[in-house]
2 protein chains.
Amino acid sequence: MKHPLAHWFPILHWGRGYSRAHFSADAVAAAVVTLMLIPQSLAYALLAGLPPEAGLYASMAPLVVYAVLGTSSTLAVGPAAVTSLVTAAALGSVAAAGSLGYAAAAALLALLSGFMLLAMGVLRLGFVAHFLSHPVISGFVSASGLLIAATQLKHLMGVPLTGQTLPELVPSLWQHAAQVHVPTLAIGLGALAFLVWVRRSLKARLRAWGLGPLVADVVTKAAPVLALAVTTLLAWGLRLDESGLRVVGTVPGGLPPLTMPALNADLWPQIEQLALAALLISLVGFVESVSVGQSLAAKRRERIEPDAELRALGASNIAAGLTGGFPVTGGFSRSVVNFDAGARTPAAGVFTAFALLLAALLLTPALYYLPQATLAATIVVAVLTLVDFGAFTRTWRYARADFTALALTFSLTLLWGVEAGLTAGVSASLLLYLWRTSRPHIATVGRVPGTEHYRNVLRHAVQTHPRVLSLRVDESLYFANARYLEDHIAAQVAAHPAIAHVVLQCTAINAIDASALESLETIVHRLKDAGVQMHLSEVKGPVMDRLERSDFLHHLSGRVFLTHHQAISALTEEQP
Amino acid sequence: MKHPLAHWFPILHWGRGYSRAHFSADAVAAAVVTLMLIPQSLAYALLAGLPPEAGLYASMAPLVVYAVLGTSSTLAVGPAAVTSLVTAAALGSVAAAGSLGYAAAAALLALLSGFMLLAMGVLRLGFVAHFLSHPVISGFVSASGLLIAATQLKHLMGVPLTGQTLPELVPSLWQHAAQVHVPTLAIGLGALAFLVWVRRSLKARLRAWGLGPLVADVVTKAAPVLALAVTTLLAWGLRLDESGLRVVGTVPGGLPPLTMPALNADLWPQIEQLALAALLISLVGFVESVSVGQSLAAKRRERIEPDAELRALGASNIAAGLTGGFPVTGGFSRSVVNFDAGARTPAAGVFTAFALLLAALLLTPALYYLPQATLAATIVVAVLTLVDFGAFTRTWRYARADFTALALTFSLTLLWGVEAGLTAGVSASLLLYLWRTSRPHIATVGRVPGTEHYRNVLRHAVQTHPRVLSLRVDESLYFANARYLEDHIAAQVAAHPAIAHVVLQCTAINAIDASALESLETIVHRLKDAGVQMHLSEVKGPVMDRLERSDFLHHLSGRVFLTHHQAISALTEEQP
């Protein structure tokens, strides 16, 4: 029997059946994920403009909280590329990067985002994430990838670039191009080349050298740590920090601090701006998390519960906010690694958190000489896989409206920044959808000779009758297209003075809202004034139920026919 | 043959066939409309917070311009109740009522609204007006009617009420209730009672006295002028203005002035706020105008051209802005009177404009003692016909979503004012529509025994097969419902482990956008991972064309069947 609270705390469900086999699988997965997370957490903290330890902190408490509340067995939460970028963009105008106020604002952002996600989960508002269409997400993620790569140029080149959008970054790059710090550039490009080679060719090379597939896989995943080690040793051996190479520096070891960002009164004036950014992070983070979670769950024929995921992500973000972290989400790369490494339950996340804690206690002195350029290279390699130019051609070929939404989101994100880009993209996709449904396909239909089928007169050789106009509307009728139908019928009737009957075939009408109902009444009255009767045919059950609750059927000058053929037979026989 | 420019200047079309019969019909209609317009123009100017002559000016040049560009033979443009209210609301925060800046701002508002309408007409954006749903318009107009009536209380009671919303007006009324000016109240209530009686009973009474229907009609329409005359004589005879009754006062006679509101630099800081109000006025005015125009045109089996109407209304507003007027639209009452009085062409509007000009030249001294309370009574009687409480019960019975939009628009308009109310209403109706289509009806279907029909298993006794899941989605697939379908299929497949095939019956799917396409691909891949094949049946032609332009059909693990019955036969025969 399921525990009565298991709906709210899924750990009560899977925790009962937790076995030694689960434990060893989860422990192995945790070890692999930890190896990958150390550089990644530091890098995303750097991307968000925060001190490196914030990345480690954000990868501890949230994982434990998610394990208690989450419904995915393999999702791994923590800092992610796009949410870190949005964090940086939001904080840039609130506090100076690296300052204490900046870290406090990042934590407050996580806290706000957490409460928003939690509230959405409790109110079962998971569906709002559906309004981010694929083209908008695709354009947003591609542009974010490019923006993130562009912001990392400052670390790769050792110059102080400023800005979060292309119009800010490009002039800044131009201005500082001559001041490139050569040792930094050498380390950055070297690490970049190595990481690209690892990603592209290492696994195949190892297999060619005769290694088994499993070993080749683990070595490939661990290889980035080599880049960190080698560049750290170089920086230490050559004392490159003294000649201007920026290194990570002192990372405070130990347990994450307990922080109370909401009590920081300095931030209250900016609360509105932070709340807007938090909403954006919540939506983008939730969409990323739930997509990854669903993909992985489906592979094992499991399910995740979107509303429970909202609550789990919300609580994870609150945990991040209270322990010196910044906004987190279920990241794509770490979750896939977790899944591939064989994690069986969310306990793997708890083990990862403890492994990271150990690393924070023991390894931080070793991170002192880690060049920021290496971390930047890690980020660039990771985010460039987000950029999908193929989506442009695919979407262009498939549908122009979707391409418009994609191109608009992509270019506005690059030009105006992440918030404006995503907002414009969502608005555009909603308006394009409304625009399309506001001009539905309306076919004049006629009888296919010898049958009871009625088809479009423009596509088929069909029989029509001069006194009867048969129309089929291929869309539900609602406010945005109700007047379009009025116009269409008015034009048809004005153009064909012989018409005495209009029959509306309602096969594709799934709903008629109050506006469309009034439009239908208007059409009926206008047609009556012009001496034309209006009829309906093939009205769906639920639509008919609703019409019967109004007085439309009393106003209808004509009749409602079960089939279109009955309508045409009756109306043409009456007056042959 | 039609003149080549007749598309842009409809006067070139109807002007050619203009006859003496047209002339006499139009002249009679113009005389009747003018009689009604003199008090109405003054009253709407008062409502907008402007000096009375602004109302006369706004009823001259715009009518001439509309006659050249308009496509309705009977629409009468000029100041209208709701646009005047929005004008007052917009100007209240820009300049002090009655000041020179206020009148300039009103003219600028007309100019801005004119250019917006003109641009929308040139860009053929007439469809944007369709996004104002009937419940939103109904709620907005009812609330506006009540608000207008409430703002007129100050003129009826002779107390200085302030505010444009109920939370402002009610305390103000409470505060000033003791200061009621008794002569003003007596005149106001007397006029009100007389006008209500005229509207309700005069026509029937006159018929009962033996007058012919035509005479009874004309007398009824002219009767409000009697209220003006009697109260003016009372005010003059008793010198009531000296004891505190507010009268219209000096109205400058003569031609409208040429004004250049755009050159008034004082107004530039407020331009953004004015532009927003102008957009609102444009939309509301256009919807009112085009609804009235279409209703009247249909009665004569004529047509109006929405995009040409936009241009005509735009040019009319520009004319109003350049001649000391304020925003105008095709008003409901004046157009109906024009139609009933027998107007045949837009020339009737030109004659009305000249008649009003004559009135402005000759009658203005006679208006000096006209009590503002009488004008307020005229407004109250006119706007209370706008309030339609029946819409609440009708809409509640018909559809809760529509009722929500109606109630929200109504209450927010009363509480927060016209701009917030309409904006919230439009947003709510769009979101409610998206919400509805984001959770489409998805039926599991089975075979009606002995037929090739497949119907909902919940409503009919049908045959199903444990290995084949047949689903029918009653909605086009797009971004807002794509993930809903993913969830639904994932839940179904997780709940029925025996399933080996999923068949999607696509009869009600009029379109599949790029997001839904990606969702379908995700579904296909997830099902494949779980060992389930996915098939489509009865895909519509245009949808299939588009799918063939993508590589979806290569990824599809199953097949596309022409009919659902063929699909089920093939899949159940394979593995009996």
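The values are calculated or read from the model by the stated rules, or taken from the named source; none is laboratory data. Treat the numbers as computed from the prediction; the structure is a model and nothing was measured. Glycine also receives a Cβ, built like all others from the backbone with ideal geometry; neighbour counts cover every protein chain displayed.
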- Item | Check on A:THR507, part of a helix (DSSP H, G or I) and of a type in the set (Val, Ile, Thr) | no
- Query: Which members of the stretch B:370-390 meet the condition of being under 13 Å from B:ALA143 (Cα atoms) and of a type in the set (Ser, Thr, Tyr)?
  - Reply: B:THR385
- Task: Give the residues of the stretch A:117-141 that are surrounded by fewer than 22 Cβ atoms within 10 Å (Cβ to Cβ) and more than 14 Å from chain B (Cβ to nearest Cβ), sorted by residue number.
- Result: A:LEU118, A:ALA119, A:VAL122
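I need the full set of residues from the stretch A:499-549 which are in contact with a Pro (Cβ under 7 Å, 6 or more places away or on another chain) and among the aliphatic types (A, V, I, L, M), in order please. Steps first, answer last, please.
In the first step, residues of the stretch A:499-549 are kept if they are in contact with a Pro (Cβ under 7 Å, 6 or more places away or on another chain); the result is A:514-515.
Residue satisfying the conditions is A:ALA514 alone.
Run down A:SER335, A:SER295 and say which single residue is within 14 Å of chain B (Cβ to nearest Cβ), touching a helix residue (DSSP H, G or I) at 6+ places or on another chain (Cβ under 8 Å) and under 28 Å from A:VAL381 (Cα atoms).
Working: A:SER335 fails: within 14 Å of chain B (Cβ to nearest Cβ).
Result of the check over A:SER335, A:SER295: A:SER295.
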- Query: Which members of the stretch A:391-405 meet the condition of being facing another protein chain (nearest Cβ under 7 Å) and either closer than 13 Å to A:PHE140 by Cα or touching a residue at least 60 places away in the same chain (Cβ under 8 Å) (or both)?
  - Reply: A:THR395, A:ASP402
- Considering every residue within the stretch A:366-387, establish whether at least one is farther than 25 Å from A:PRO306 by Cβ, crowded, with 17+ Cβ neighbours inside 10 Å and either charged (D, E, K, R) or within 14 Å of chain B (Cβ to nearest Cβ) (or both). no
- Item | Unmet requirement for B:THR323, which otherwise passes all of (1) surrounded by 23 or more Cβ atoms within 10 Å (Cβ to Cβ); (2) in contact with a Phe, Trp or Tyr (Cβ under 7 Å, 6 or more places away or on another chain); (3) away from chain A (no Cβ under 14 Å) | (1)
- Message: Please determine whether any residue of the stretch B:548-560 is assigned to a helix (DSSP H, G or I), farther than 25 Å from A:PRO135 by Cα and more than 8 Å from chain A (Cβ to nearest Cβ).
- Response: no
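Picking from A:GLY254, A:GLY249, A:GLY210, which residue would you name as being outside any strand (DSSP E or B) and more than 35 Å from the chain's Cα centre (by Cα)?
On the way: A:GLY254 fails: more than 35 Å from the chain's Cα centre (by Cα); A:GLY249 fails: more than 35 Å from the chain's Cα centre (by Cα).
Checking each option against the conditions leaves just A:GLY210.
Might you check whether a residue that is outside any helix (DSSP H, G or I), within 25 Å of A:LEU50 (Cβ to Cβ), more than 31 Å from the chain's Cα centre (by Cα) and among the β-branched types (Val, Ile, Thr) occurs anywhere in the stretch A:213-235?
Kept after step one, since they are outside any helix (DSSP H, G or I), are these residues of the stretch A:213-235: none.
No, because not a single residue in the stretch A:213-235 is outside any helix (DSSP H, G or I), within 25 Å of A:LEU50 (Cβ to Cβ), more than 31 Å from the chain's Cα centre (by Cα) and among the β-branched types (Val, Ile, Thr).
Condition test on B:ARG439, is it within 12 Å of chain A (Cβ to nearest Cβ), surrounded by fewer than 20 Cβ atoms within 10 Å (Cβ to Cβ) and in contact (Cβ under 8 Å) with a residue 24 or more places away in the chain? Working first, answer last.
Values: within 12 Å of chain A (Cβ to nearest Cβ): yes; surrounded by fewer than 20 Cβ atoms within 10 Å (Cβ to Cβ): yes; in contact (Cβ under 8 Å) with a residue 24 or more places away in the chain: yes.
Yes: the conditions hold for B:ARG439.
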- Note on the structure: If we keep only residues of the stretch A:327-366 that are of a type in the set (Ser, Thr, Tyr) and not in a helix (DSSP H, G or I), then the residue farthest from A:SER289 (Cα to Cα) is A:THR345
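Of the residues B:LEU430, B:LEU485, which is assigned to a helix (DSSP H, G or I) and either over 30 Å from A:LYS299 (Cβ atoms) or in contact with a strand residue (DSSP E or B) (Cβ under 6 Å, 6 or more places away or on another chain) (or both)?
Numbers: B:LEU485 fails: either over 30 Å from A:LYS299 (Cβ atoms) or in contact with a strand residue (DSSP E or B) (Cβ under 6 Å, 6 or more places away or on another chain) (or both).
After applying the criteria, what remains is B:LEU430.
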- Please determine, by comparing only the residues of the stretch A:413-427 that are in contact (Cβ under 8 Å) with a residue 60 or more places away in the chain and over 15 Å from the mean Cα position of the chain (by Cα), which one is surrounded by the most Cβ atoms within 10 Å (Cβ to Cβ). A:GLY417
- Among the candidates B:VAL543, B:VAL524, residue that is farther than 15 Å from B:THR444 by Cβ, of a type in the set (Val, Ile, Thr) and at pLDDT below 90: B:VAL543
- Query: Restricting attention to the stretch B:38-64, and to residues there that are over 22 Å from the mean Cα position of the chain (by Cα) and within 17 Å of B:ASN338 (Cβ to Cβ), which single residue is surrounded by the most Cβ atoms within 10 Å (Cβ to Cβ)?
  - Reply: B:MET60
- Query: Does B:PHE403 meet the test of being closer than 26 Å to B:VAL77 by Cβ and either charged (D, E, K, R) or out of contact with any strand residue (DSSP E or B) (no Cβ under 6 Å at 6 or more places or on another chain) (or both)?
  - Reply: no
- Task: Being part of a helix (DSSP H, G or I) and touching a residue at least 24 places away in the same chain (Cβ under 8 Å) is the filter; apply it to the stretch B:524-533 and report the residue that is nearest to the other protein chains (Cβ to nearest Cβ).
- Result: B:ARG526
- Task: Quickly run through the stretch A:466-523 and pick out the residues that are free of Cβ contacts under 8 Å to residues at least 24 places away in the same chain and either away from chain B (no Cβ under 11 Å) or not small (Gly, Ala, Ser) (or both).
- Result: A:ASP487, A:PRO497
- Query: (1) outside any loop (DSSP other than H, G, I, E, B); (2) more than 12 Å from chain A (Cβ to nearest Cβ); (3) more than 29 Å from B:ALA89 (Cβ to Cβ): which one isn't true of B:LEU408, the others all being true?
  - Reply: (3)
- Message: Suppose the filter is within 14 Å of chain B (Cβ to nearest Cβ) and either small (Gly, Ala, Ser) or in a helix (DSSP H, G or I) (or both); does A:GLU309 pass it?
- Response: yes
